[in-house]
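> Structure incoming, see below.
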């Protein structure tokens with residue numbers, strides 16, 4: 001059985017559904033006690049692990065649980081570091097000590113974004129607090145890899161679902177003739193939730209070790225995405241009032257020039273080729289309220 005730590009996160013929940021639909025045995029955890037009735041085990045990384053041990057029969061795990069937002073990490077470096085680094089590595093050690101293969105989800109934010117398509121073995125150079133924390137956790141995983149332990153890192157860029165609130169909100173506002181204010185200086189190389197889930201669901205049973213990366217093939221600005229949406233739905237481009245990310249309180253490091261990573265290892269191993277960003281955006285526009293994967 002596989003353990004999904006943080007199965008009430010968006011991507012964790014999608015992975016748990018995928019596992020169930022595919023006939024793969026998986027158990028999820030949650031930090032929200034009121035969700036135990038849904039079959040999720042309690043596990044809150046903001047609290048000491050105490051005598052926690054993985055359930056009997058677990059042989060692979062994926063860690064989804066984290067403080068994932070740049071602003072939240074910048075606002076509370078100590079609290080978010082405790083979860084994203086200290087507790088994540090402590091949990092991993094307990095899993096590995098019991099022979100459980102562990103997959104850690106990381107981010108393009110471990111790099112400074114000065115160059116596109118960063119290779120997996122490039123030196124980490126985070127410029128945000130969130131990126132720094134993920135880089136520190138990655139270093140712990142790399143130490144485990146160096147000792148031959150069954151662990152892996154999967155770096156992801158911006159994950160978008162068919163029901164992503166940001167894009168859905170833009171479509172609704174533009175259709176109503178209302179202005180929107182996308183960031184002119186923030187980039188994305190979007191990856192669909194279903195593709196990220198497919199990669200996770202392939203790496204876990206294979207117990208694949210090493211560092212893997214999954215991002216879209218090209219970077220696009222949030223402003224360009226907004227303009228594309230307006231063009232597709234016939235809205236006036238004058239409704240798009242681009243602003244800098246800093247004007248919305250985004251923290252330092254939120255606007256790297258590039259977010260793309262070299263994803264060839266996954267292409268070669270799994271035959272997975274992320275689609276063009278515009279293909280993804282067009283699917284969302286056509287069916288913005290879809291919840292399927």
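> Given the Cα atoms of region 80-206, and with Rh set as the inverse mean 1/r over their pairs in the Kirkwood sense, what is Rg to Rh to two decimals? Write down the numbers at each step before the final one.
Values: Rg = 17.6 Å, Rh = 16.8 Å.
A ratio of 1.05.
> Before rounding to the nearest 500, sum -39500 (n - 2.57) across all DSSP H runs of length at least 4 in the chain and divide by the residue total; then give [θ] at 222 nm in deg cm²/dmol. The partial results should precede the final answer.
On the way: 10 runs with 105 residues, N = 293.
Helix-only estimate at 222 nm: -10500 deg cm²/dmol.
> Students often check this: by mean Cβ neighbours within 10 Å, which of 216-228, 102-114, 270-282 ranks highest, and how do the rest follow? List each step's numbers first, then the result.
On the way: 216-228: 20.2, 102-114: 23.3, 270-282: 16.0.
The most tightly packed comes first, giving 102-114, 216-228, 270-282.
> Anyone know which of 247, 263, 80 comes out most mobile in the 10 Å Cα GNM of the chain?
Evaluated over the chain, the most mobile residue of the options is 247.
> While we're on this one: Output the antiparallel fraction of DSSP beta bridges having both residues in the chain, as a percent to the nearest 5. Before the final figure, lay out the partial values.
Numbers: 2 of 31 bridges.
Of all bridge pairs located within the chain, approximately 5 percent are antiparallel.
> If you don't mind, another one. If Rh is defined by the Kirkwood formula over all Cα pairs and Rg also comes from Cα, what ratio Rg/Rh do you get for the chain? Don't skip to the end; give the middle numbers.
Details: Rg = 19.1 Å, Rh = 19.8 Å.
Across the chain, the Cα-based Rg/Rh ratio is 0.97.
> In whole Å, what are the extents of region 173-293 along the principal axes defined by its C-alpha atoms, from largest to smallest?
The Cα atoms of region 173-293 stretch 49, 34, 19 Å along the principal axes, largest first.
> To the nearest 10 degrees, how steeply does helix 10-21 sit against the main Cα axis of the chain, on a 0 to 90 scale?
Computed tilt is about 70 degrees.
> Among DSSP bridges having both ends in region 116-272, what percentage is antiparallel? Round to the nearest 5. If you can, show how the numbers build up before the last one.
On the way: 2 of 12 bridges.
That works out to approximately 15 percent antiparallel.
> Rounded, prolate or oblate: pick one for region 225-293, where a ≥ b ≥ c are the square roots of the eigenvalues of its C-alpha gyration tensor, a/c under 1.5 means rounded, and failing that, prolate if a/b is larger than b/c, else oblate. Don't skip to the answer; put the middle values down first.
On the way: a/c = 2.37, a/b = 1.24, b/c = 1.92.
Verdict is oblate for region 225-293.
> Considering only 166, 89, 261, give the residue with the highest GNM mean-square fluctuation for the chain, with springs between Cα atoms whenever their separation is below 10 Å.
Of 166, 89, 261, the Gaussian network model singles out 166 as fluctuating most.
> Taking the chain as the reference, fit the longest principal axis to its C-alpha atoms, fit the long axis of helix 222-233 to the helix C-alpha atoms, and give the angle between the two in degrees, 0 to 90, nearest 10.
60
> A follow-up question, please. With a 10 Å radius around each residue's Cβ, average the other Cβ atoms per peptide and rank 123-136, 230-243, 146-159, 49-62, highest first. Walk me through the numbers on the way to the answer.
Details: 123-136: 20.9, 230-243: 13.8, 146-159: 18.4, 49-62: 15.3.
Descending packing order for the listed peptides: 123-136, 146-159, 49-62, 230-243.
Values in this text are rule-based calculations from the coordinates and carry no lab data. No experiment lies behind these values; they were computed from the predicted model shown. Every residue, glycine among them, receives a Cβ derived from its backbone with ideal geometry; neighbour counts consider all protein chains shown.
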